[in-house]
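K.L.:
Structure provided below as structure tokens; questions to follow.
The values are calculated or read from the model by the stated rules, or taken from the named source; none is laboratory data. From a predicted model like this one, the values you see are computed outputs, not experimental measurements. For neighbour counting, all protein chains shown are included, and Cβ atoms are generated from backbone atoms with ideal geometry for every residue, glycine included.
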């Protein structure tokens, strides 16, 4: 059995690819997900499916209630903006804007890593597709890593070098899909849509669906996900 | 009304002094406490009393379940070691060892600060009395601050300088008590004991009680707290 690694897993395309990459490096997988009032329980169901598919050693879902800090600015019920500029008036789908999100998620990963005696944390941040988010940039990750090494007893006493692995950080969506497909990832398990139907079908038109579909198209691969709307060529 | 500041508040002597220092600097106080399976609910009751006494603008208590990462290493039921080397056999009081504790607490404070539009976070870490904890050292705090400035939109777009204030970091317990007393802190509100009686009286003999009592003695001040054991001169 390999060394333990904590992998942040949302049930989405990116973090599922990260699980595959961590497994390829020989790590024993500990998957960490968060229930923070997501727009859809489907995301956590996908995370559970993915964890089973990868036979992770342990899958922990932590509940954190960020809505306590004030509803509308966080995971409150607001409309999902659509790429054409329109909004789904009246749909009131919660959008998950979570301040300091990666910092909170990584902090819990550091805690679990310390308990496990692990020096390896994986996160599927991407600086290309999400360049608007400050906490997806390489300089943020480096600063977090440096802080975390100073925070823990292991880092101080044993000189252990905690590492935040970000294998996707400079990859395009097509690169990610190609890499995961080469490692046998079943992307039918993953969940990407911001605005799924009540039956759980991806809408096909939200920003996340469009990004995913373009990624498959550019990778020259078939997206195994079922969409509500007919796929455009 | 002053600028908003998020103050980590445990209901203990140190963080209550920090509230007084932040108030003196003119900040509007937002107190943040955590329910993470503490040894005693008394700690959270003290935090609520203190928040009322300071008339903070808002007091948020977040529940985080770190026991999910494995019971005994964290806030499990283990015995409280006593300074004389004995242990209270059979008392099975939970000891709160929380890995990456300050990192997790500060991460939530950063999230709240971002929602409030605040650049000021206060934490009562102390490098003298708790020199064994890596996450109480100035170099850790500086690394966290640097990371947090890179993590948030405000830090990137507006160049706002998020500041982690650690007013106690180089103070002795006696210094802290003197400073708080000068600012009118009622230390009878605060809770320090690791091993209180069922009625809520401080034991007087655990490491935290001894540190507190020595602090008052060195400051030449009377500790207003009631103890189970008669105070030693």
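K.L.:
Answer yes or no as to whether residue A:184 is closer than 19 Å to residue A:23 by Cα and assigned to a helix (DSSP H, G or I).
P.N.:
No; evaluated as a whole, the condition is false for this residue.
K.L.:
So is residue A:135 closer than 19 Å to residue B:103 by Cα, in contact with a strand residue (DSSP E or B) (Cβ under 8 Å, 6 or more places away or on another chain) and modelled with pLDDT of 80 or more or not?
P.N.:
Spelling it out, it is not the case that residue A:135 is closer than 19 Å to residue B:103 by Cα, in contact with a strand residue (DSSP E or B) (Cβ under 8 Å, 6 or more places away or on another chain) and modelled with pLDDT of 80 or more.
K.L.:
In addition: Would a scan of region B:64-80 turn up a residue that is closer than 28 Å to residue A:135 by Cβ, crowded, with 18+ Cβ neighbours inside 10 Å and at pLDDT 85 or above?
P.N.:
Looking for residues that are closer than 28 Å to residue A:135 by Cβ, crowded, with 18+ Cβ neighbours inside 10 Å and at pLDDT 85 or above, one finds at least one in region B:64-80, hence yes.
K.L.:
Looking only at region B:52-63, how many residues end up being crowded, with 18+ Cβ neighbours inside 10 Å and within 14 Å of chain A (Cβ to nearest Cβ)?
P.N.:
Here the count works out to 3.
K.L.:
Name every residue in region B:170-222 that is at positive phi and in contact with a strand residue (DSSP E or B) (Cβ under 9 Å, 6 or more places away or on another chain), in order of residue number.
P.N.:
B:204
K.L.:
I'd like to check something: does region B:37-46 contain any residue that is within 14 Å of another protein chain (Cβ to nearest Cβ), closer than 22 Å to residue A:111 by Cβ and either at pLDDT 50 or above or part of a loop (DSSP other than H, G, I, E, B) (or both)?
P.N.:
yes
K.L.:
Now a separate question. Return a yes/no flag: does region A:201-208 have any residue that is modelled with pLDDT under 95 and part of a helix (DSSP H, G or I).
P.N.:
The answer is yes, given that some residue of region A:201-208 is modelled with pLDDT under 95 and part of a helix (DSSP H, G or I).
K.L.:
How many of the residues making up region A:115-126 are touching a residue at least 24 places away in the same chain (Cβ under 8 Å) and facing chain B (nearest Cβ under 9 Å)?
P.N.:
Summing the residues that are touching a residue at least 24 places away in the same chain (Cβ under 8 Å) and facing chain B (nearest Cβ under 9 Å) in region A:115-126 gives 1.
K.L.:
Filter region B:21-36 down to the residues that are surrounded by fewer than 22 Cβ atoms within 10 Å (Cβ to Cβ) and at pLDDT 95 or above and list them by number.
P.N.:
Matches in region B:21-36: B:21, B:23, B:24, B:25, B:26, B:28.
Residue by residue, here is whether (1) part of a helix (DSSP H, G or I); (2) at pLDDT 90 or above; (3) surrounded by 24 or more Cβ atoms within 10 Å (Cβ to Cβ); (4) more than 7 Å from every other protein chain (Cβ to nearest Cβ) holds:
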| position | (1), (2), (3), (4) |
| --- | --- |
| B:106 | yes, yes, yes, yes |
| B:110 | yes, yes, yes, no |
| B:113 | yes, yes, yes, yes |
| B:128 | no, no, no, yes |
| B:131 | no, no, no, yes |
| B:140 | yes, yes, yes, no |
| B:143 | yes, yes, no, no |
| B:147 | yes, yes, yes, no |
